[in-house]
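The values are calculated or read from the model by the stated rules, or taken from the named source; none is laboratory data. None of these values were measured; they are calculated from a predicted model. FYI the Cβ positions are ideal-geometry reconstructions off the backbone, even for glycines, and counts take in every protein chain you see. SASA here: full protein model, heavy atoms, side chains in, ligands and nucleic acids out. Shrake-Rupley method; radii C 1.70, N 1.55, O 1.52, S 1.80 Å.
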Amino acid sequence: MSSIRQFQVTFDCAEPARLAAFWCEVLGYVTPPVPEGFATWEEYHRTLPPEEEVYFPCSDPAGAGPRLLFQRVPEGKVAKNRVHIDVRAGAGLVGEERLATLEAECARLVALGGVHVRTMPADDEDESCITMQDPEGNEFCLD
């Protein structure tokens, strides 16, 4: 029986380089260097024929987290994600300290192009969390 220890999370999207840049900022990930002769990845991607698959990876510089891959697809997002990423911005924090930390991270991500969907305040069972969307509408949580 195989024992797989590494995996990649792949996002279908319209603009792979833009979405990868957003998630690099969210997670502290890095992108590969721009191909020689090009100033940006967008410039490089514009040189490819429309039918060629465009994808863009980013990875954890420490090698601990999974690689993310963003691939261009022709269709847009039409339904709620069946899988989403939880960004653990408030891990170990509780109460007002946790909520303030999550709200500060939410504000940072909104400035990068993320969208605040709703804040779920703590109750008798669960701590606070914030539901967001990335620039292409993929849901994720700050928790």
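Could you check the range 76-118 and list, in sequence order, the residues that are open to solvent by less than 50 Å² (accessible area, probe 1.4 Å), among the β-branched types (V, I, T) and either in a loop (DSSP other than H, G, I, E, B) or in contact with a strand residue (DSSP E or B) (Cβ under 6 Å, 6 or more places away or on another chain) (or both)?
Within the range 76-118, I85, V87 meet the criteria.
Check the range 45-58 and report whether any residue there is under 18 Å from the mean Cα position of the chain (by Cα), surrounded by 10 or more Cβ atoms within 10 Å (Cβ to Cβ), among the hydroxyl-bearing types (S, T, Y) and more than 20 Å from V117 (Cα to Cα).
So far as the range 45-58 goes, yes, one or more of its residues are under 18 Å from the mean Cα position of the chain (by Cα), surrounded by 10 or more Cβ atoms within 10 Å (Cβ to Cβ), among the hydroxyl-bearing types (S, T, Y) and more than 20 Å from V117 (Cα to Cα).
Which of the residues belonging to the range 96-116 are out of contact with any Cys (no Cβ under 9 Å at 6 or more places or on another chain), under 19 Å from L27 (Cβ atoms) and not charged (D, E, K, R)?
Scanning the range 96-116 gives T101, A104, C106, A107, L109, V110, A111, L112, G113, V115.
With P32, P135, P61 as the choices, which residue is assigned to a loop (DSSP other than H, G, I, E, B), open to solvent by less than 70 Å² (accessible area, probe 1.4 Å) and either of a type in the set (D, E, K, R) or under 26 Å from R5 (Cα atoms) (or both)?
Working: P135 fails: either of a type in the set (D, E, K, R) or under 26 Å from R5 (Cα atoms) (or both); P61 fails: open to solvent by less than 70 Å² (accessible area, probe 1.4 Å).
It is P32.
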